[in-house]
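A short worksheet on the structure shown next.
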Amino acid sequence: MRLSIDDAGWPDRAVAELAGRQRTLVSRRQLLALGASTDAIDRAVRRGRLHRVHHGVYSLVRAQARPRFAAEQAAILACGPTAVLSHHSAALVHGLRLPARVPEVHVTVTDSDRARRGIQIHTTTVLHPRERHRAQGLPVTSVARTLVDLAPLYGTRQLAPLVDQALRLASRARLIETLDRHPRRPGTPRLRRLLDPARPSADTWSKAEAKLLAAIRRAHLPTPEANVPIGGYIADLLWREQRVIVEYDSEHYHSGPGVFHRDRTRHNDLSTGARHAVLHVTEEHIGHELERVIMWITQALTRAGGW
């Protein structure tokens with residue numbers, strides 16, 4: 001097919017069609033393949049016809065006008081043909097809800113690549129074909145591989161809901177098959193425990209949280225933030241101004257000597273180093289002593305200066 005190139009050496013229609021398929025984005029290599037000259041590309045950047053996103057990657061529109069996952073699309077174009085979205089970025093594309101938002105785009109490549117601003121690049125020697133997927137039109141790690149990558153970064157309390165969400169997208173057998181390929185990766189034993197069919201779903205805690213939040217609203221207390229990163233921890237509920245934290249404690253997730261020790265360490269770090277008042281509530285508290293929980297929260301907020 002003969003491309004239509006205007007007097008300035010710019011294949012306008014072809015560029016628009018390509019960018020339309022790529023969330024307004026094109027790479028320099030693609031522009032050259034369409035017949036645009038190097039001079040024409042540089043001229044388009046100077047005149048605002050192209051907006052630079054990464055080295056050799058451009059958008060036809062400014063950042064605020066780009067669609068969802070444009071940043072992820074740009075990272076893939078910037079990192080080359082072996083790149084796949086991974087870690088937090090893959091989780092978001094798959095629709096998994098994360099404990100906290102991560103600003104950088106995470107990409108895994110099977111060849112070495114230099115650092116790029118705004119992109120966290122992970123290098124692996126090989127990525128199994130079953131660990132490469134496409135979602136939202138983007139190359140991503142599979143749901144199972146994404147869990148393996150995220151497992152070292154979260155505690156059991158934050159990882160459990162991710163596992164439950166993953167089980168709605170992939171079979172338990174597929175998840176375990178992926179774990180078998182990565183037996184020595186940090187977090188793999190924790191994932192195996194969470195994939196135990198006998199484990200209660202984290203949805204139990206989601207219902208308890210909804211019940212507590214409803215009670216907080218009925219008591220006309222300030223609405224807390226949920227799943228907030230503080231230092232190296234994730235606070236379940238946080239009243240930021242009053243520096244009050246509520247932690248959900250489950251016997252299933254918080255039993256065992258190692259977990260007991262880590263929980264006490266977290267409590268001490270938050271209450272001394274971070275200077276927060278930390279309240280611990282259980283499912284039993286929420287189910288049968290909800291008024292007492294609201295009283296504890298009210299007293300903690302009052303001691304902190306009210307609201």
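The values are calculated or read from the model by the stated rules, or taken from the named source; none is laboratory data. Remember, it's a predicted structure, so these values are computed and weren't measured experimentally. Note that each Cβ is placed from the backbone with ideal geometry, even for glycine, and that neighbours are counted across all protein chains shown. Heads up: the accessible areas ignore ligands, DNA and RNA and are worked out on the full protein's heavy atoms, side chains in. Shrake-Rupley method; radii C 1.70, N 1.55, O 1.52, S 1.80 Å.
Brief remarks follow.
- Residues satisfying the stated conditions in segment 11-44, i.e. touching a residue at least 40 places away in the same chain (Cβ under 8 Å) and either assigned to a loop (DSSP other than H, G, I, E, B) or more than 18 Å from LEU138 (Cβ to Cβ) (or both): VAL15, ALA16, GLN22, ARG23, THR24
- Among the residues of segment 65-79, those that are loosely packed, with under 15 Cβ neighbours inside 10 Å and either of a type in the set (S, T, N, Q) or part of a loop (DSSP other than H, G, I, E, B) (or both) comprise PRO67, ARG68.
- Apart from one condition, GLN165 fits all of (1) polar (S, T, N, Q); (2) touching a Phe, Trp or Tyr at 6+ places or on another chain (Cβ under 7 Å); (3) closer than 26 Å to PRO67 by Cβ; (4) at pLDDT below 90; the exception is (2).
- Criterion violated by ARG47 - all others in (1) surrounded by 14 or more Cβ atoms within 10 Å (Cβ to Cβ); (2) free of Cβ contacts under 8 Å to residues at least 60 places away in the same chain satisfied: (1)
- SER37 meets each of the listed conditions (1) open to solvent by 40 Å² or more (accessible area, probe 1.4 Å); (2) small (Gly, Ala, Ser); (3) in contact with a strand residue (DSSP E or B) (Cβ under 7 Å, 6 or more places away or on another chain) apart from (3).
- Answer from ARG23, ARG62 - the residue that is of a type in the set (D, E, K, R) and crowded, with 20+ Cβ neighbours inside 10 Å: ARG23
- The number of residues in segment 128-144 being farther than 28 Å from GLY20 by Cβ and either open to solvent by less than 10 Å² (accessible area, probe 1.4 Å) or among the aliphatic types (A, V, I, L, M) (or both) comes to 3.
- Qualifying residue in segment 217-230 (condition: modelled with pLDDT under 65 and under 30 Å from ARG172 (Cα atoms)): no
- All positions within segment 37-78 that are of a type in the set (Asp, Glu) and under 20 Å from the mean Cα position of the chain (by Cα): GLU72
- Residue check for LEU162: open to solvent by less than 50 Å² (accessible area, probe 1.4 Å), outside any strand (DSSP E or B) and either touching a residue at least 40 places away in the same chain (Cβ under 8 Å) or in contact with a helix residue (DSSP H, G or I) (Cβ under 6 Å, 6 or more places away or on another chain) (or both): yes
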